[in-house]
Amino acid sequence: MENKMELHWENVYNKKNENEVSWYQKVPNISLEHIKSLNLNLNSKIIDIGAGESRLVDNLLDLGFKNIDVLDISKKSIEKAQNRLGLKSSMINWIVSDINDFKPKKKYDLWHDRAAFHFLKDPIQISNYVDLANSSLNNNGKIVLGTFSIDGPLKCSGLEVSRYNEKSVRDVFDKHFTLLNHQLSNHPTPFNTTQEFLFSVLSKK
Ligand SMILES: C[S@@+](CC[C@H](N)C(=O)[O-])C[C@H]1O[C@@H](n2cnc3c(N)ncnc32)[C@H](O)[C@@H]1O
(Lines give C-alpha, C1' and ligand atoms only; values in the text may rest on other atoms or scores of the structure.)
Protein backbone atom coordinates (compact mmCIF):
# COMPACT_ATOMS: atom_id res chain seq x y z
CA MET A 1 0.00 0.00 0.00
CA GLU A 2 1.52 3.28 -1.12
CA ASN A 3 1.71 6.03 1.46
CA LYS A 4 0.98 9.70 0.76
CA MET A 5 4.64 10.61 0.36
CA GLU A 6 5.25 7.72 -2.04
CA LEU A 7 2.36 8.92 -4.19
CA HIS A 8 3.66 12.50 -4.12
CA TRP A 9 7.14 11.50 -5.32
CA GLU A 10 5.93 8.93 -7.88
CA ASN A 11 3.77 11.67 -9.35
CA VAL A 12 6.71 14.12 -9.51
CA TYR A 13 8.97 11.65 -11.32
CA ASN A 14 6.18 10.47 -13.64
CA LYS A 15 5.36 14.03 -14.69
CA LYS A 16 8.67 15.87 -14.78
CA ASN A 17 11.83 15.48 -16.77
CA GLU A 18 15.16 15.41 -14.97
CA ASN A 19 15.85 19.12 -15.55
CA GLU A 20 12.31 20.27 -14.77
CA VAL A 21 12.70 19.98 -10.99
CA SER A 22 14.16 22.71 -8.81
CA TRP A 23 16.85 20.44 -7.33
CA TYR A 24 18.35 19.42 -10.70
CA GLN A 25 22.13 19.62 -10.99
CA LYS A 26 24.06 18.56 -14.07
CA VAL A 27 27.03 17.83 -11.79
CA PRO A 28 26.57 17.71 -7.99
CA ASN A 29 29.80 19.62 -7.42
CA ILE A 30 29.43 20.57 -3.76
CA SER A 31 28.60 16.99 -2.72
CA LEU A 32 31.52 15.71 -4.78
CA GLU A 33 33.96 18.22 -3.26
CA HIS A 34 32.99 17.16 0.26
CA ILE A 35 33.14 13.47 -0.63
CA LYS A 36 36.57 13.87 -2.26
CA SER A 37 37.84 15.75 0.81
CA LEU A 38 37.19 12.62 2.91
CA ASN A 39 39.81 10.63 0.94
CA LEU A 40 37.73 7.49 1.05
CA ASN A 41 39.05 4.15 -0.12
CA LEU A 42 37.44 3.14 -3.45
CA ASN A 43 36.01 0.03 -1.74
CA SER A 44 34.14 2.22 0.74
CA LYS A 45 30.45 1.44 1.06
CA ILE A 46 28.41 4.48 0.09
CA ILE A 47 24.68 5.13 0.22
CA ASP A 48 22.86 8.04 -1.38
CA ILE A 49 19.64 8.64 0.56
CA GLY A 50 16.72 10.11 -1.39
CA ALA A 51 18.89 10.17 -4.48
CA GLY A 52 16.06 10.51 -6.99
CA GLU A 53 17.56 10.98 -10.44
CA SER A 54 20.72 12.60 -9.07
CA ARG A 55 23.85 12.17 -11.15
CA LEU A 56 25.95 11.74 -8.02
CA VAL A 57 25.97 7.98 -8.64
CA ASP A 58 27.39 8.46 -12.19
CA ASN A 59 30.16 10.65 -10.80
CA LEU A 60 30.96 8.21 -7.99
CA LEU A 61 31.29 5.39 -10.54
CA ASP A 62 33.56 7.61 -12.66
CA LEU A 63 35.73 8.21 -9.58
CA GLY A 64 36.07 4.42 -9.23
CA PHE A 65 33.84 3.70 -6.23
CA LYS A 66 32.65 0.10 -6.34
CA ASN A 67 30.12 -0.28 -3.53
CA ILE A 68 27.33 2.19 -4.08
CA ASP A 69 23.74 1.89 -2.86
CA VAL A 70 21.08 4.29 -4.10
CA LEU A 71 17.85 4.65 -2.12
CA ASP A 72 14.66 6.50 -2.91
CA ILE A 73 11.01 6.32 -1.93
CA SER A 74 10.08 6.65 -5.61
CA LYS A 75 10.40 3.54 -7.78
CA LYS A 76 10.00 5.70 -10.88
CA SER A 77 13.03 7.85 -9.97
CA ILE A 78 15.13 4.71 -9.53
CA GLU A 79 13.97 3.37 -12.92
CA LYS A 80 14.91 6.66 -14.56
CA ALA A 81 18.38 6.62 -12.99
CA GLN A 82 18.81 2.97 -14.03
CA ASN A 83 17.85 3.79 -17.64
CA ARG A 84 20.27 6.70 -17.72
CA LEU A 85 23.13 4.52 -16.50
CA GLY A 86 22.35 1.68 -18.91
CA LEU A 87 24.72 -1.26 -18.47
CA LYS A 88 26.49 0.48 -15.57
CA SER A 89 23.28 0.27 -13.53
CA SER A 90 24.11 -3.36 -12.70
CA MET A 91 27.07 -2.05 -10.66
CA ILE A 92 24.68 -0.32 -8.22
CA ASN A 93 22.53 -1.73 -5.43
CA TRP A 94 19.15 -0.04 -5.90
CA ILE A 95 16.75 0.29 -2.96
CA VAL A 96 13.16 1.50 -3.14
CA SER A 97 12.23 2.43 0.41
CA ASP A 98 10.87 5.18 2.57
CA ILE A 99 13.82 6.23 4.71
CA ASN A 100 11.53 5.99 7.74
CA ASP A 101 11.15 2.24 7.09
CA PHE A 102 14.65 1.46 5.83
CA LYS A 103 16.29 -1.64 7.34
CA PRO A 104 19.87 -1.68 6.03
CA LYS A 105 21.43 -5.03 5.23
CA LYS A 106 25.00 -3.75 5.55
CA LYS A 107 27.10 -1.04 7.17
CA TYR A 108 28.25 1.97 5.23
CA ASP A 109 31.29 4.24 5.34
CA LEU A 110 29.54 7.22 3.79
CA TRP A 111 25.92 8.35 4.04
CA HIS A 112 25.05 11.09 1.53
CA ASP A 113 21.77 12.99 1.62
CA ARG A 114 21.02 16.07 -0.42
CA ALA A 115 17.54 17.49 0.08
CA ALA A 116 15.81 14.36 1.43
CA PHE A 117 16.43 14.64 5.20
CA HIS A 118 15.03 18.18 5.20
CA PHE A 119 11.53 16.83 4.43
CA LEU A 120 11.41 15.31 7.90
CA LYS A 121 9.47 17.65 10.20
CA ASP A 122 8.42 15.35 13.03
CA PRO A 123 11.03 15.45 15.84
CA ILE A 124 10.62 11.68 16.36
CA GLN A 125 11.28 10.94 12.68
CA ILE A 126 14.27 13.31 12.73
CA SER A 127 15.67 11.59 15.81
CA ASN A 128 15.03 8.14 14.28
CA TYR A 129 16.89 9.24 11.13
CA VAL A 130 19.94 10.25 13.19
CA ASP A 131 19.81 6.91 15.04
CA LEU A 132 19.50 5.04 11.74
CA ALA A 133 22.46 6.87 10.18
CA ASN A 134 24.48 6.03 13.29
CA SER A 135 23.56 2.33 13.38
CA SER A 136 24.09 2.03 9.59
CA LEU A 137 27.59 3.49 9.59
CA ASN A 138 30.87 1.78 10.40
CA ASN A 139 33.13 3.27 13.05
CA ASN A 140 34.55 6.52 11.67
CA GLY A 141 31.66 6.69 9.17
CA LYS A 142 30.75 10.04 7.68
CA ILE A 143 27.62 11.89 6.59
CA VAL A 144 27.57 14.48 3.82
CA LEU A 145 24.27 16.27 4.29
CA GLY A 146 22.70 18.99 2.15
CA THR A 147 19.61 20.74 3.53
CA PHE A 148 18.00 24.09 2.89
CA SER A 149 19.69 26.70 5.08
CA ILE A 150 17.83 28.89 7.52
CA ASP A 151 17.54 31.45 4.68
CA GLY A 152 16.53 28.82 2.12
CA PRO A 153 12.99 28.24 0.80
CA LEU A 154 10.20 27.13 3.15
CA LYS A 155 9.08 24.48 0.69
CA CYS A 156 10.62 22.02 -1.74
CA SER A 157 8.48 20.21 -4.33
CA GLY A 158 5.45 21.89 -2.69
CA LEU A 159 6.19 20.23 0.67
CA GLU A 160 7.22 22.07 3.82
CA VAL A 161 10.79 21.46 4.90
CA SER A 162 12.92 21.90 8.01
CA ARG A 163 15.65 24.50 7.47
CA TYR A 164 18.98 24.29 9.27
CA ASN A 165 21.91 26.39 10.43
CA GLU A 166 25.21 25.25 11.89
CA LYS A 167 23.83 25.17 15.44
CA SER A 168 20.68 23.20 14.64
CA VAL A 169 22.59 20.61 12.58
CA ARG A 170 25.04 20.26 15.45
CA ASP A 171 22.21 19.93 17.99
CA VAL A 172 20.13 17.45 15.97
CA PHE A 173 23.10 15.14 15.23
CA ASP A 174 24.98 15.67 18.50
CA LYS A 175 23.85 12.37 20.06
CA HIS A 176 25.98 10.36 17.61
CA PHE A 177 27.92 12.75 15.35
CA THR A 178 30.49 15.54 15.41
CA LEU A 179 30.14 18.34 12.88
CA LEU A 180 33.45 18.51 10.99
CA ASN A 181 32.66 21.10 8.38
CA HIS A 182 29.79 23.19 7.07
CA GLN A 183 29.30 25.38 4.04
CA LEU A 184 26.53 27.56 2.65
CA SER A 185 26.01 27.32 -1.07
CA ASN A 186 23.59 28.87 -3.53
CA HIS A 187 21.95 26.36 -5.80
CA PRO A 188 20.87 27.83 -9.15
CA THR A 189 17.58 26.14 -10.09
CA PRO A 190 16.59 25.53 -13.74
CA PHE A 191 14.04 28.34 -13.23
CA ASN A 192 16.64 31.11 -12.76
CA THR A 193 16.13 31.32 -9.01
CA THR A 194 18.59 30.39 -6.28
CA GLN A 195 18.13 28.32 -3.16
CA GLU A 196 20.51 28.56 -0.23
CA PHE A 197 21.71 25.16 0.96
CA LEU A 198 23.73 24.27 4.03
CA PHE A 199 26.15 21.40 3.44
CA SER A 200 27.39 19.65 6.56
CA VAL A 201 30.02 16.96 6.99
CA LEU A 202 29.51 14.87 10.12
CA SER A 203 31.63 12.14 11.63
CA LYS A 204 30.37 9.27 13.77
CA LYS A 205 31.46 9.68 17.41
C1 LIG B 1 14.50 17.31 -3.57
S2 LIG B 1 14.74 15.69 -4.15
C3 LIG B 1 16.51 15.53 -4.11
C4 LIG B 1 17.01 14.42 -4.98
C5 LIG B 1 18.52 14.21 -4.96
N6 LIG B 1 19.04 13.95 -3.64
C7 LIG B 1 19.25 15.37 -5.56
O8 LIG B 1 20.02 16.03 -4.87
O9 LIG B 1 19.05 15.61 -6.75
C10 LIG B 1 14.25 14.73 -2.76
C11 LIG B 1 14.30 13.24 -2.99
O12 LIG B 1 14.08 12.56 -1.77
C13 LIG B 1 13.17 11.50 -1.99
N14 LIG B 1 12.45 11.30 -0.72
C15 LIG B 1 11.61 12.17 -0.12
N16 LIG B 1 11.16 11.67 1.03
C17 LIG B 1 11.73 10.44 1.16
C18 LIG B 1 11.66 9.42 2.15
N19 LIG B 1 10.87 9.55 3.22
N20 LIG B 1 12.38 8.31 1.96
C21 LIG B 1 13.17 8.15 0.87
N22 LIG B 1 13.28 9.08 -0.09
C23 LIG B 1 12.56 10.22 0.05
C24 LIG B 1 12.29 11.96 -3.13
O25 LIG B 1 11.68 10.92 -3.83
C26 LIG B 1 13.28 12.74 -3.98
O27 LIG B 1 13.90 11.93 -4.94
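The values are calculated or read from the model by the stated rules, or taken from the named source; none is laboratory data. Here the structure is a predicted model, which is why all the values come from computation and not from measurement. Every residue, glycine as well, gets a Cβ built from its backbone with ideal geometry; the counts of neighbours run over all protein chains shown.
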Quiz item: Taking the stretch 139-172, which residues are part of a loop (DSSP other than H, G, I, E, B), under 17 Å from the mean Cα position of the chain (by Cα) and either surrounded by fewer than 16 Cβ atoms within 10 Å (Cβ to Cβ) or of a type in the set (S, T, N, Q) (or both)?
Solution: SER157, SER162
Practice problem: Looking only at the stretch 165-191, count how many residues are within 23 Å of TRP9 (Cα to Cα) and either touching a His at 6+ places or on another chain (Cβ under 8 Å) or without any contact (Cβ under 8 Å) to a residue 24 or more places away in the chain (or both). | Solution: 1
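Return yes or no: is LYS121 touching a Leu at 6+ places or on another chain (Cβ under 8 Å), surrounded by fewer than 17 Cβ atoms within 10 Å (Cβ to Cβ) and either over 11 Å from HIS176 (Cα atoms) or modelled with pLDDT under 95 (or both)? Even if it seems obvious, please write down each step before you answer.
Values: touching a Leu at 6+ places or on another chain (Cβ under 8 Å): no; surrounded by fewer than 17 Cβ atoms within 10 Å (Cβ to Cβ): yes; either over 11 Å from HIS176 (Cα atoms) or modelled with pLDDT under 95 (or both): yes.
No, not satisfied.
Return the residue satisfying two criteria in turn: it lies in the stretch 146-200 and is of a type in the set (Val, Ile, Thr) and within 16 Å of the ligand (Cβ to nearest atom), and of such residues it is nearest to ASN39 (Cα to Cα).
Step one: list which residues in the stretch 146-200 are of a type in the set (Val, Ile, Thr), which gives 147, 150, 161, 169, 172, 178, 189, 193-194.
Retained after the next criterion (residues that are within 16 Å of the ligand (Cβ to nearest atom)): 147, 161, 189, 193-194.
Numbers: THR147: 23, VAL161: 31, THR189: 29, THR193: 33, THR194: 30 Å.
The selected residue is THR147.
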Quiz item: When both residues are 6+ apart or on different chains and their Cβ atoms are under 7 Å apart, which pairs have a first residue that lies in the stretch 44-73 and is farther than 21 Å from TYR24 by Cβ, and a second that is small (Gly, Ala, Ser) and away from the ligand (no atom under 12 Å from the Cβ)?
Solution: PHE65/SER44; ASN67/SER44
Quiz item: Of the residues in the stretch 22-66, how many are surrounded by fewer than 19 Cβ atoms within 10 Å (Cβ to Cβ) and farther than 21 Å from THR189 by Cβ?
Solution: 13
